[in-house]
Amino acid sequence: MNHITSHLLKLGLFLLLPLSTFAQELTDSYLPLSKAETARRFPLKYAGNFTRGELDPEEKPKPTLLPERVNIGVSGAQIMKHISEDDEELMIIGKDKGGKDWRVMLGGTTLNHGFRFYTADLDKNGIQDGVILAYTMGNGMAPTMHISTLTFDETGRPILFEIEGYFHAVNDGIFDVVDLDRDGLAEIIYLNHSDGYWVTNIYECSKARWTRVSGKHAERKFPLYTRFTNRPNRVAVTPKAGRNPESDDLSNATAKISGQLLSYKWADVNASEDIVLNIKTSAGKTIECSPASWYGSFAVVIDTPESRRIVQMSVNEKDFKAALDEVVNGKYAVALFGQRGKEQISPEMLWATEK
């Protein structure tokens, strides 16, 4: 059997596995971290499953039903379905330290397919954060799960972060949420395939925001690369000359661009078309940005003295357009975070602040 045939056979065997088993098999086969390292699980408290129907009795770890109110933020938060004339959305609402409202609106995929919910102080700032583990519903070798976190800044307002990967639940939390350097700050192991290699990155949470680690961290230097071979291969290597495996940078700690949203051009995001944002940068230059609609994780944050609202692209079109219109019409100051790929400017979050 030649190498190409055996490689495709292994790929086919992977695809026949249930999603959770597929994710575990993939990490067992290609993650270049030792069992001792991945055992450094960050402590998460399982709060329950959000589901539209009955709990799956075959799901492991065994699920329980999520209550409507969860212990996150400075005074707890309510998780609810928001029913509009066009669609249903998932809404998480609460109050900040000053008693002002905050609201997070997530799209129908999370609502329709359910999720596991955990609580933890991810950044060691004394405020309980929320962690959502939800299916992507992707096909083939696409990432199987999303991890979404709601962390809370010094005002008690939330910051949404979402990352897709081959994550899976284990008895003591989520396999991929760890503390490799044992400093009390949560990390997420992010595995993606690019140019014949599996790339392993680490994201670390600090001051309510996530940063992709570059360089020395614990016993390793990230990112790490392993070849996708016809048998399990956990040996980290340097990519060969001419190869350029890449990873998206989903960090939300430092803005890549700042300025003002002048206008936008809508697209059919349900058909994976990308909208276009016209930005006037703080340097006076006009540029175009195109958030990647395929992932559904791009979000608009509207931060005012009276409230903070986070609206994800995967909500219904009317609500997402309303958020963009408010940013344009209000001439809010904006900051763009994250970058998908290298072909165009493709942010993961637009943070708008009322001037």
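Observations on the model:
- Carbon and sulfur %, accessible surface of the chain computed with the full protein complex present, 1.4 Å: 50 percent
- If you take the Cα centroid of segment 55-108 and the Cα centroid of segment 152-221, the two points sit 22 Å apart.
- Gain on full stretching of the segment that runs from K100 to I83 - 0.36 nm per residue minus C-alpha separation: 3.8 nm
- Residue among S282, S148, S247 with the largest mean-square fluctuation in a Gaussian network model of the chain, springs linking Cα atoms under 10 Å: S282
- Estimated FRET transfer efficiency when R0 is 41 angstrom, pair E306-R182 (beta carbons, to 0.05): 0.55
- Choice from K240, K124, K60 with maximal GNM fluctuation in the chain (Cα, 10 Å cutoff): K240
- For segment 51-195, the relative contact order comes to 17 percent (Cα pairs under 8 Å, sequence separation of at least 6).
- Full extension of the chain between E273 and T155 yields a length gain of 38.9 nm, computed as 0.36 nm times the residue separation minus the alpha carbon distance.
- With Cα atoms defining each centre, segment 32-47 and segment 282-355 are spaced 33 Å apart in the structure.
- Sites listed here are GluC sites (Glu not before Pro) in segment 164-221 whose DSSP assignment is loop and whose Cβ has at most 16 other Cβ atoms within 10 Å: E219.
- Heavy atoms of the protein chains alone define the surface here; on that basis the chain has 46 Å² accessible area per residue at 1.4 Å probe size.
- This model, with +1 at the C-beta of Lys and Arg and -1 at the C-beta of Asp and Glu, gives the chain a dipole about its Cα centre of some 1020 debye.
The values are calculated or read from the model by the stated rules, or taken from the named source; none is laboratory data. This is a predicted model, so every value here is computed, not measured. Using ideal geometry, Cβ is built from the backbone for each residue, glycine included, and neighbour counts are taken over all protein chains shown. These area figures cover heavy atoms from the full protein model, side chains too; ligands, DNA and RNA do not enter into them. Shrake-Rupley method; radii C 1.70, N 1.55, O 1.52, S 1.80 Å.
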